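This report refers to the structure that appears directly beneath it.
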Amino acid sequence: MTSVPSPAIRKRVLLVVGFAVFVDMLIYGLIVPILPSYAESLGASQTRIGLLFSSYALTLFIATPLLGMLTDKVGRKGPLLWGMIGLAGTTVMFAFATEFWVLVAARMLQGIAAAATWTAGLALLADVYPSEERGAAMGLALSGQAAGTLLGPTVGGWLFEWGGYKLPFLVAALLALIDALLRVSLLRQVTDTKAERYISPLRLLGSRAIWMIAGVVALGASIPAILEPTLPLHLSRHLNATPGVIGLLFAVPTIAYALTTGMIGALSTKVGHAKTIAAGLMFTAIMLPLNALPDMIWLQVVILALLGIGMGTVLAPALPKLTDLSQQTVTGANAHGFTFAVYNTAYSVGMMVGPLGSSVLTEHFGISYAYLIIGAAAMLCAILFYRGMPK
């Protein structure tokens, strides 16, 4: 990239990417209170419903590297638009599905659309923001992710109660199309960027530092996934929490994450991304085991909020650090598409591994020891990361 775009152009890109991430996660979470019972009505077993939900992460995992390379080849704006149009189409498929296999197909296509949106969007953000401003910009974009995650299940459940099964999906499809129009209008004056030359993915994947960042991204992404299958039962049994209270408690780390990622991103630029990530890993390693200890709701709220801040302290600096490492590895190539494919792939791995690992450990050792084991592993990772990562 030969010149830095004007502040007005950069703000447009940040708005588009932040809103794109918000819409994607809103639609991702929208189906949570709706789809299990509908799939069951179509004859699906609990195991098949679990496969339905995991199919999103599977296609996200497979499609992300391919779309990353495509984004570097053809530019960012096209895949960003295709992703949102594809998301609108898959959402309509959910609305009119009358067979279980159609739900699975829609969920898998939703993962591919998300791969296009995230990879192209983050690459475009990295293209237009200079290194000293990327931390704050990417932190703000991740706030959109947290807001969508928080609102999705609530909006989906409310729309379902108001208008039945189809309404949430039709509203979401309309929102996706509005987002697509927003991308076309606001990005019209943004110069698209392609990689100046073909860069083999092996160049990036040959960097030990990039693998280390991918590892901490997977770990950071696994934290909420670790809680989801294990903490609700604990809260119900030991704090007598109702489903409504549990839902509110799970919103706490997301809100804390959303409110602090922008500040954390800006702070990490000043003190160093690697130092911030290591501190975030250590803090998260301490906070996770504490979630099994409170005997009062207010204390559980505090610990969950601190855990959300810890997650943000891991993930927000990882994005700009990954960009810096990519530029150092393939100087001047603008291979940001594949760079953020690495991020998304690592994130999807964390989403897949987290629930399985926490469930197995909890079943064998109980939730307190399970969280303690995972926290100890996170602390070890923090030490190894700090000692091995270039500052």
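Structural remarks
- Within region 69-89, tally of residues that are over 15 Å from ALA20 (Cβ atoms) and either modelled with pLDDT of 90 or more or under 16 Å from the mean Cα position of the chain (by Cα) (or both): 1
- Within the set LEU177, LEU103, LEU167, the sole residue that is open to solvent by less than 30 Å² (accessible area, probe 1.4 Å) and aliphatic (A, V, I, L, M) turns out to be LEU103.
- Residues being part of a loop (DSSP other than H, G, I, E, B) and open to solvent by 20 Å² or more (accessible area, probe 1.4 Å) - total across region 16-75: 5
- Region 16-61 - residue that is within 16 Å of GLY164 (Cα to Cα) and among the polar types (S, T, N, Q) and, of those, modelled with the highest pLDDT: SER41
- Single residue of region 1-15 satisfying the filter (of a type in the set (A, V, I, L, M, F, W, C) and in contact with a Phe, Trp or Tyr (Cβ under 9 Å, 6 or more places away or on another chain)) that is farthest from PHE160 (Cα to Cα): VAL4
- When TRP158, TRP118 are checked against the criterion of being open to solvent by less than 40 Å² (accessible area, probe 1.4 Å) and not polar (S, T, N, Q), a single residue qualifies: TRP118.
- Check on ALA333, out of contact with any Leu (no Cβ under 9 Å at 6 or more places or on another chain) and at pLDDT 85 or above: no
- Among residues of region 234-251, those that are part of a helix (DSSP H, G or I), in contact (Cβ under 8 Å) with a residue 12 or more places away in the chain and more than 17 Å from the chain's Cα centre (by Cα), counted: 7
- In the set LEU281, LEU306, LEU322, only one residue is closer than 19 Å to THR339 by Cβ and in contact with a helix residue (DSSP H, G or I) (Cβ under 6 Å, 6 or more places away or on another chain); that residue is LEU322.
Matching residues to (1) modelled with pLDDT of 80 or more; (2) out of contact with any Cys (no Cβ under 9 Å at 6 or more places or on another chain):
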position: THR193; (1), (2): no, yes
position: ARG197; (1), (2): no, yes
position: ILE213; (1), (2): yes, yes
position: VAL216; (1), (2): yes, no
position: PRO224; (1), (2): yes, yes
position: PRO232; (1), (2): yes, yes
position: LEU249; (1), (2): yes, yes
position: LEU259; (1), (2): yes, yes
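- Screening the candidates PRO317, PRO294 for the property of being touching a residue at least 12 places away in the same chain (Cβ under 8 Å), closer than 23 Å to ALA378 by Cα, open to solvent by less than 40 Å² (accessible area, probe 1.4 Å) and not in a helix (DSSP H, G or I) yields one hit, PRO294.
- Only listed residue being touching an Asp or Glu at 6+ places or on another chain (Cβ under 6 Å) and assigned to a helix (DSSP H, G or I), chosen from GLY337, GLY312: GLY337
- Subset of region 235-247 (residues that are buried (at least 18 other Cβ atoms within 10 Å of the Cβ) and either modelled with pLDDT under 85 or closer than 20 Å to VAL342 by Cα (or both)): ALA241
- Region 144-188, residues that are among the acidic types (Asp, Glu) and at pLDDT below 85: GLU161
- The residue that is surrounded by the most Cβ atoms within 10 Å (Cβ to Cβ), counting only those in region 355-378 that are of a type in the set (Ser, Thr, Tyr) and over 15 Å from ILE286 (Cα atoms), is SER358.
The values are calculated or read from the model by the stated rules, or taken from the named source; none is laboratory data. In this text the structure is predicted, and so the values were computed from the model without any measurement. Ideal geometry is used to build each Cβ from the backbone, glycine not excepted, and the neighbour counts take in all protein chains shown. Note: accessible area is taken over every heavy atom of the protein model, side chains too, but ligands, DNA and RNA are not part of it. Shrake-Rupley method; radii C 1.70, N 1.55, O 1.52, S 1.80 Å.
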